Amino acid sequence: MSVKTDSGPEAAPRPSLAESRGDRLRRMFSSRIASAVAVLIAALWTIPTAGLFISSLRPEDDIRTTGWWNVFSEPNFTLDTYNYVLYSTSAGGGLIRNLVNTVVITIPGVIIPVVFAAMAAYALSWIDFKGRNTLYIAIFALQVVPIQMALIPLLSFFSKGLAIGDFTIVPAWQLDGVNTIVQVWIAHSIFGLPLAIFLLHNFMRELPGDVMEAARIDGASHSQIFRKVVLPLVTPALASIGIFQFLWVWNDFLVGRTFGGGEATRPLTAVLGDMAGTWGFGWTRLPAAAFIAIIVPLLVFLLLQRYFVRGLLAGSVKG
Amino acid sequence: MDISALTARFGLLAVGLAAFAVVMLALYGIAELASRRNRSRLVASVFLFPALLFLGVGLVYPAVRTFVMSFFNGDGTQFIAFDNYAWVFSDDDALQTLVNTALWIVIVPALSTALGLVYAVLIDGRRGERVYKALVFLPMGISFVGASIIWKFVYQYKASGDQLGLLNQLLVWVGLDPVNWLNNFPTNNFLLMVVLVWIEVGFATVVLSAALKGVPTEIIEAARIDGASPAQIFWNVTVPSIRSAIVVVAVTVFIATLKLFDIVRAMTGGHHGTDVLAHNMWDQAFRLGNDGRGATMAVLLFALVIPVVIYQVRNIRRQELEAR
């Protein structure tokens, strides 16, 4: 939180003091190169995505025979492929089902961890109890534990339950069909918690102590302070973390593929990942299918970039 | 498409959200009762309970379990001590996986951070800085799978006729023969790395560019008046001033690189000598059904992040002390 995101008046163009003509030429020359490099990087970062978007709008026969850049000489566009991948009942179609899965997975997959994290972060920053710091550091350290460490036992926890010897602590969940999605909710909530707690703790701890003190003197309980004082004050932070988690869940492949059950209940990205991996017969429909998955997070990202960047800086740049 | 298939899904969503609301209300009631009695320990445990339950059951316990599993055979029925580890360090494919992972975790963080820094410096204060930044930042919003598909089309290969992939078309335009990039070991590894760098440079640019704005202009101006060249200013003033941001970016990208699964899965499936730890772990456990080997791969992955954990914990300890 020590980094300023906007440039103040001091960042205005610097006045050049006593510059010789040679210096000036050299500066203009290097500024030309700098411009060229900046434009080159910007182009490299944009053209591949633009290519996929153009491909997604071309007829499948065109995709199969010529590169996307040919649209500039012979433009030929159609929405048929989008229609097919979303609604067709034939092979490689019907992705609307997986798109709905993604939506159904994402909403609780964002709400549950953010709410739980807000509660935990409040306790870790404003309730006094023994071992608070140790607990916080432990949760903080969990952030970097690769989720690969948890996958096999967590999956067996859902399918076989939890038992010590013959003593069953939690029976098998026996989820099937659409209900398999519950597993994905829980897995996303677990894996999203450490980062969300860390970020929210950072924000909450910076709240002014005298506001809390005043509320306490007025007789407010912890749950009242949490609801009426803290939550309204950290709303921007909740937005940042919500966007983070949204992007992570919507774009996730690993968790959805591992816990999502059969293809009918997997999220869109998980199905796409497999389609891309096998590069089978329907590869010409891949651009349209991929773009359906890409467009929603991209829009959210563009519209709410400010919140995202704020969260990013709070989480990563510490002075 | 049957509409009932969709309503069943939204029905589940409604039930799930309702159940969650009920649980939250119950927890809130308990917290309220406890706060009135002024028992802060009890209040704290109510506030922490859901998070700690999830982390304990879903992360801490499984991690310990995975560690234990790495000493057992494929279906977990027989204790085999260090056989899985011996396999990792003797099997050719497994060794290739380790070598690839080593390349990834060195090249990707270094390249992403360097490119992000160069780009941030180049566009700093330039007209249209926001647009430049947004263009490079955009891939951050695209999933790894989406990015893989985007680049798979760039690398696409056809033995003859019109090329469909831009990279091969560029080769053809300058008079060279097209290459089957993704099957071509060891180049294919670097082409996969390009995809992750493409995603992470935006992150590096945004963080480093914000850090650059924090460098006082007086220092740079003073150095310039003293006759320092732009290169000298960059290396001796700018870079040291934003060192902590550079470290944070490199560490963050390092962790992301280590956990990388999607790009390898979607682009090559780990074939043609492109496998990495995090992907091989999944392949062993969930495709080949060998939990012991999968767990071993996960443990190796964890071993690689331990230095980062120690470094981070030290940092935060110091901050806690300073805050006091």
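Quick notes on this one:
- Checking B:L192, B:L164, B:L171, B:L212 one by one, the residue that is in a helix (DSSP H, G or I) and free of Cβ contacts under 8 Å to residues at least 40 places away in the same chain is B:L171 and no other.
- For segment B:11-102, the helices (runs of 4 or more DSSP H) that sit wholly inside it and include 2 or more residues that are facing another protein chain (nearest Cβ under 8 Å) are B:40-55, B:61-69.
- Enumeration of residues in segment B:31-64 that are closer than 26 Å to B:M297 by Cα and surrounded by fewer than 18 Cβ atoms within 10 Å (Cβ to Cβ): B:G56, B:V60, B:Y61, B:V64
- Only one of the listed residues (A:F77, A:F53) is hydrophobic (A, V, I, L, M, F, W, C) and closer than 29 Å to B:K133 by Cα. That residue is A:F53.
- Residues of segment B:67-91 classified as surrounded by fewer than 19 Cβ atoms within 10 Å (Cβ to Cβ) and under 26 Å from the mean Cα position of the chain (by Cα), total: 4
- Residue, surrounded by the fewest Cβ atoms within 10 Å (Cβ to Cβ), within segment A:66-90, restricted to residues that are over 19 Å from A:W283 (Cβ atoms) and within 12 Å of another protein chain (Cβ to nearest Cβ): A:T89
- Within segment B:293-314, considering residues that are at the interface with another protein chain (Cβ under 7 Å from one of its Cβ atoms) and more than 16 Å from the chain's Cα centre (by Cα), the one surrounded by the fewest Cβ atoms within 10 Å (Cβ to Cβ): B:V313
- The numbered conditions (1) within 10 Å of chain B (Cβ to nearest Cβ); (2) surrounded by fewer than 24 Cβ atoms within 10 Å (Cβ to Cβ); (3) aromatic (F, W, Y) are all true for A:F253 except (2).
- For segment A:114-146, a residue qualifies if it is over 28 Å from B:L304 (Cα atoms), in contact (Cβ under 8 Å) with a residue 60 or more places away in the chain and facing chain B (nearest Cβ under 7 Å), and the qualifying residues are A:F116, A:M119, A:A120, A:Y122, A:I127.
- Some residue of segment A:147-157 being in contact (Cβ under 8 Å) with a residue 60 or more places away in the chain, surrounded by fewer than 21 Cβ atoms within 10 Å (Cβ to Cβ), under 18 Å from B:P62 (Cβ atoms) and within 28 Å of the chain's Cα centre (by Cα): yes
- Only listed residue being surrounded by fewer than 19 Cβ atoms within 10 Å (Cβ to Cβ), without any contact (Cβ under 8 Å) to a residue 12 or more places away in the chain and under 30 Å from B:R224 (Cβ atoms), chosen from B:R243, B:R287: B:R243
- Here is the figure for segment A:52-65: residues that are within 8 Å of chain B (Cβ to nearest Cβ) and crowded, with 17+ Cβ neighbours inside 10 Å total 3.
- Per-region count, segment A:261-275, residues assigned to a helix (DSSP H, G or I), more than 12 Å from chain B (Cβ to nearest Cβ) and in contact with a Ser or Thr (Cβ under 8 Å, 6 or more places away or on another chain): 0
- Test: B:L135 is over 27 Å from A:V300 (Cα atoms) and either part of a helix (DSSP H, G or I) or within 7 Å of chain A (Cβ to nearest Cβ) (or both): no
- Filter pass, B:D162 being more than 7 Å from every other protein chain (Cβ to nearest Cβ) and loosely packed, with under 15 Cβ neighbours inside 10 Å: no
- Hey, A:L247 in contact with a Pro (Cβ under 6 Å, 6 or more places away or on another chain), surrounded by fewer than 24 Cβ atoms within 10 Å (Cβ to Cβ) and within 17 Å of B:I199 (Cα to Cα) or not: yes
Values in this text are rule-based calculations from the coordinates and carry no lab data. These numbers come from a predicted model, not from an experiment. In this analysis, Cβ positions are derived from the backbone assuming ideal geometry, glycine residues included, and neighbour counts consider all displayed protein chains.
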